[in-house]
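A short reminder: the numbers here are calculations on the coordinates, not readings from a lab. Nothing here was measured: the structure is a model prediction, and the numbers come from that model. Positions of Cβ are generated from backbone atoms using ideal geometry, with glycine treated the same way; all protein chains shown enter the neighbour counts.
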Amino acid sequence: MISSLKKRTRFSLNRRQKTFLTLFSLIVFLICIVLVGALLDEGRIATNLVDRNLVPSFDHPFGTDWLGRDMFTRTIMGLSLSIGVGLIGAVGSISIALILGTAAAIMGNKGDRLISWLIDLFLSVPHLVTLILIAFTLGGGFKGIVIGIALTHWPSLARIIRVEVMQIRTSEFVKVSRQMGKSHWWIALHHMLPHLVPQVLVGFTLLFPHVILHESAVTFLGLGLSPHEPAIGIILSESMKYLSSGMWWLAFFPGLCLLIVVRTFDNIGEKLRMFLHSN
Amino acid sequence: MTKVDKNFYIKLGKFFLLKSFRIATLLFAICIISFLLIKNSPIDPIQAYIGADMLTVGPEQRERIAEYWGLNLPVMVQFWNWLSALLTGDLGTSMIYRSPVSEIISERFIHSLVLMIAAWLLSGIFGFAMGVIAAMKKDTWIDKIIVWYCYTLASTPTFWVGLLMLIIFAVWLGWFPIGLSVPVGSLAEDVSIADRLRHLILPAVTLSIVGVANVALHTRQKMIDVLASDYVLFAKARGERGFVLFWRHGLRNIALPAVTLQFAAFSELFGGAVLAEQVFSYPGLGQATVEAGLRGDVPLLLGLVIFSTIFIFAGNLIADLIYYVVDPRTREGWRI
């Protein structure tokens, strides 16, 4: 019994270390995709009419499309692009949530009501319809999708931040700090921000899956990124024309990869939450 | 119904009054915002209307079209004209379908409604059952599989599931048609209910496969809480278990939150329907929204934004109302 216990202490990590290790490897995995996507040779997706419509093989793990482009390369490039778009959109969304959430908690009753109303306003139209509307207004493309995503995904996080700030604001140490004559800004910077960082970080990673899924959905519908970009949404919407001729690999692999990336982000968010709120 | 609480009806009336005030302000704001957004769009409404024949239209004709539509007027006047028409129920005329927007929306809404109700019921029933099973068998392999499945589905693009469905059931097995709500090339009168049903199954199944995750996870959590309670412990001590235990003590406590959650999820349902309709070329509201966005049909797009808002509001209202009427605990200290 004692020897088995010893063995366990020697060879196994504790829960926190395990979480950290998983977190680390997941992040490395995502960085690899982004880097590979950025470094892959454009020549691999050049039109090659000799190798058209190939089923997945050793040379082309995901097969080739009707123009002889390697689907593996297109998929990885698309993922890299999606992650990039998602990153910008999510950062925008977080900033809005942070500003409005804090403002709602600090500005008193009227400001709070106004911002709560604003949150309700954005939640009362389906995300996808709002995204279509904004993409339409901005004429589609990269700009439309990024702004659309930033403007639609903030409400839930803003609510969390609002509650958090309210709790900190009424806590003892903030009251003491105010009694000691510290300014609002000083309190916000030294007492509020350190408490909000973990919340925002977790919120960010949990927001990401939604952002990427919405980006690919809008692109799939034809209102997002332009058809020349190797985005997953574009690949999948193009594949629809060829499905009836049995070219299943055009849709199967890119979608699966998207699923894996989104699930990875979800995992990172969960692990991060466990890591930061370990008690 | 022996003693009806008179206070209850007064409160209910107040509740409706406040809710309708709320939807009025929200709708008004949405009208202004979407109108201004669309006004600032780079897409030229005249060009979108005329399309490929743009070259044959001279500047004078253009001017006359703009005048006919009131495009030269100040933005606020245009907004006011549109809003007053809206209040009389006139949503304008769709540019791509060349018929009144309200007609298109009502016609397409029936298609969408059938699809959404089917998906809503399927995902609700299956999600609830999955959640209950997972909670009753907590920490076994069946629980782990259900939880894993739900988390994975939450990360799955709806349209990809639709594409997989198409590949497997329509292309490989040939069980279902590839798209549209009726067989191609047949008249409306010849379409039987069986035909419509066949075209409905794939999109509805797609939507419900993706839709179960939320309600299943929620129900599982609630059921685990219920199972940890004292009264369940007592029931177990009396020898109740399995289905009887669930029927007597579980169902009542978890059914209400699950139903409410399903009603509150109308927004996701609508978003999912947009994607599923696009994949299966199902002629519902979602497809109309996409068409309107792609081809610059401003009246239709505005109409759809307003309509979807009302639709989601209705879902949330029902969810609130169920809680309010069914669960007496929530009546205390009710707040909107």
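The angle between the Cα long axis of helix A:71-106 and the main principal axis of chain A comes to about 20°, on a 0 to 90 degree scale.
Please state the charge dipole magnitude for the protein assembly as shown, taken about the Cα centre, from unit charges on C-beta atoms (+1 on K and R, -1 on D and E), reported in debye and rounded to the nearest 20.
3300
Among B:Ala170, B:His199, B:Ile145, pick out the residue whose Cα is farthest towards the positive end of the charge dipole of region B:101-330, where Lys and Arg carry +1 and Asp and Glu carry -1 on C-beta, about the Cα centre. Final value for the positive-end residue is B:Ile145. Of all the options B:Val132, B:Val326, B:Val298, the one that moves most in a Gaussian network model of chain B with Cα springs shorter than 10 angstrom is B:Val326. The helix-only estimate of mean residue ellipticity at 222 nm for chain A, built from DSSP H runs of length n ≥ 4 each weighted as -39500 (n - 2.57), is -24000 deg cm²/dmol after division by the residue total. Counted by neighbouring Cβ atoms within 10 Å, the residues B:Arg22, A:Arg16 run from fewest to most as A:Arg16, B:Arg22. Per residue of B:263-275, other chain Cβ atoms within 10 Å of the residue Cβ number 3 on average.
The alpha-carbon of B:Lys137 sits under 20 angstrom from the alpha-carbons of these lysines, leaving out residues fewer than 8 places away in its chain: B:Lys222, B:Lys236. What's the local net charge at A:Thr170, with K and R +1, D and E -1, over the other residues with C-beta under 15 Å away? Here the count lands on +1. When you work out D = kT/(6 pi eta Rh) for chain A at 25 °C and 0.890 mPa s, using the Kirkwood radius from C-alpha pairs as Rh and the Stokes-Einstein form, the result is 114 µm²/s. Counting only residues at least eight positions apart within a chain, or on another chain, the lysines with an alpha carbon under 29 Å from that of A:Lys241 are A:Lys143.
Span-like helix check, chain B: qualifying full DSSP H segments, with Cα axial length of 27 Å or more and mean Kyte-Doolittle of 0.5 or more, are B:6-39, B:101-136, B:193-227, B:298-326. Among rounded, prolate and oblate, which fits the protein assembly as shown when a ≥ b ≥ c are the square roots of the eigenvalues of its C-alpha gyration tensor, a/c under 1.5 means rounded, and a/b larger than b/c means prolate? Here the protein assembly as shown falls in the rounded category. Would you tally the net charge around B:Ala235, using a Cβ to Cβ cut-off of less than 11 Å, leaving B:Ala235 out, and scoring K and R as +1, D and E as -1? Summing Lys and Arg as +1 and Asp and Glu as -1 gives +2.
Close amide H partners of B:Thr93, meaning residues 5 or more places away or on another chain with modelled amide H under 5 Å apart, are B:Val101. Just checking the listed ones, B:Gln47, B:Gln262, B:Gln287: in the Gaussian network model of chain B with Cα springs under 10 Å, the one fluctuating most is B:Gln47.
For chain B, just run the numbers: alpha carbon Rg, then divide by 2.2 N^0.38 Å, N being how many residues it has.
With N residues counted in chain B, Rg over 2.2 N^0.38 Å equals 1.23.
Amide H to amide H, with H built 1.01 Å from N, A:Gly68 comes under 5 Å of A:Asn48, A:Asn53, counting only residues 5 or more places away or on other chains.
Taking other residues whose beta carbon is less than 12 angstrom from the beta carbon of B:Gly286, and scoring Lys, Arg as +1 and Asp, Glu as -1, yields -1. Charges were assigned to the Cβ only: +1 to each Lys and Arg, -1 to each Asp and Glu. The resulting dipole of chain B about its Cα centre is roughly 1740 debye. Among the residues of A:169-181, the average count of other protein chain beta-carbon atoms within 10 Å of the residue beta-carbon is 0. Mean per-residue shielding of peptide A:133-146 is 4, counting Cβ atoms of other chains within 10 Å of each Cβ.
Cross-link check: pairs A:Lys110/A:Lys271; A:Lys18/B:Lys138; A:Lys175/A:Lys271 evaluated at a Cα-Cα cut-off of 26 Å; pairs beyond the cut-off: A:Lys110/A:Lys271; A:Lys175/A:Lys271. Comparing mean-square fluctuations of B:Leu197, B:Leu153, B:Leu261 from a GNM of chain B with C-alpha springs under 10 Å, the top value falls on B:Leu197.
Helix-only arithmetic for chain B: the sum of -39500 (n - 2.57) across DSSP H runs with n ≥ 4, divided by the residue total, places the mean residue ellipticity at 222 nm at -23500 deg cm²/dmol.
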